[in-house]
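*Asks:* Would you mind keeping the following structure in view while I ask a few things?
Derivation of every value follows stated rules applied to the coordinates shown; laboratory data play no part. Being a predicted model, the structure only gives us computed values, none of them experimental. Neighbour counts are summed over all protein chains in view; Cβ atoms, including those assigned to glycine, are modelled from backbone coordinates with ideal geometry.
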Amino acid sequence: MNMRSISFLLLLCPVMAMAQSPKDHSAGNPRSKPELNATTRTVLLANRPPQFTEAEWLKMMERPVNRSLHPVRISQAMLDTVDAKALDPRFQYEMIPAR
């Protein structure tokens, strides 16, 4: 390899690394994370394990990896009382049998 190729690769690597860094989600950014609506918040809090406080549970469920690890369980009775179209599609819902 000649010196031009080596210098090009040495300049290209940091530029590629900077392009992969996460962006800041500020309030003015249109790509910032959307807030939970009341329906989704109610269903999430109904699924909260007893060892977590409400704030801890909601903060934990903001991360996409936790949404896939903890599917939101929902029953037919719950669907009768809430508007299913208002549920947030970012979460994974699991239908459970009635008790």
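*Asks:* If we sort 35-44, 68-77, 5-14 on the protection proxy, mean other Cβ atoms within 10 Å, highest first, what's the order?
*Replies:* Descending packing order for the listed peptides: 35-44, 68-77, 5-14.
*Asks:* Please give, to one decimal in nm, the separation of the simple spin-label points placed at residue 82 and residue 98, each 7 Å out from Cα toward the Cβ.
*Replies:* Going from the residue 82 label point to the residue 98 one covers 1.9 nm.
*Asks:* Picking from 79, 60, 50, whose Cα lies most toward the positive end of the charge dipole for segment 37-99 (charges on Cβ: Lys, Arg +1; Asp, Glu -1)?
*Replies:* After comparing all options, I get 60.
*Asks:* Let me ask something else about it. Under a 5 Å amide H to amide H cut-off, with H placed in plane at 1.01 Å, what residues pair with residue 73 once short-range neighbours are removed?
*Replies:* Answer set, sorted by chain and number: 94.
*Asks:* Please give the contour-minus-distance gain from residue 48 to residue 9: 0.36 nm per residue of separation, less the Cα-Cα distance, rounded to one decimal in nm.
*Replies:* In short, 9.0 nm is gained.
*Asks:* Grab every C-alpha pair in segment 37-99, bin the distances at 10 angstrom width from 0 up to the longest one, and report whole percents.
*Replies:* 21, 58, 21
*Asks:* What does the charge dipole of segment 37-99 about its Cα centre add up to, to the nearest 20 debye, if the Cβ of each Lys and Arg holds +1 and the Cβ of each Asp and Glu holds -1?
*Replies:* That gives a dipole near 120 debye.
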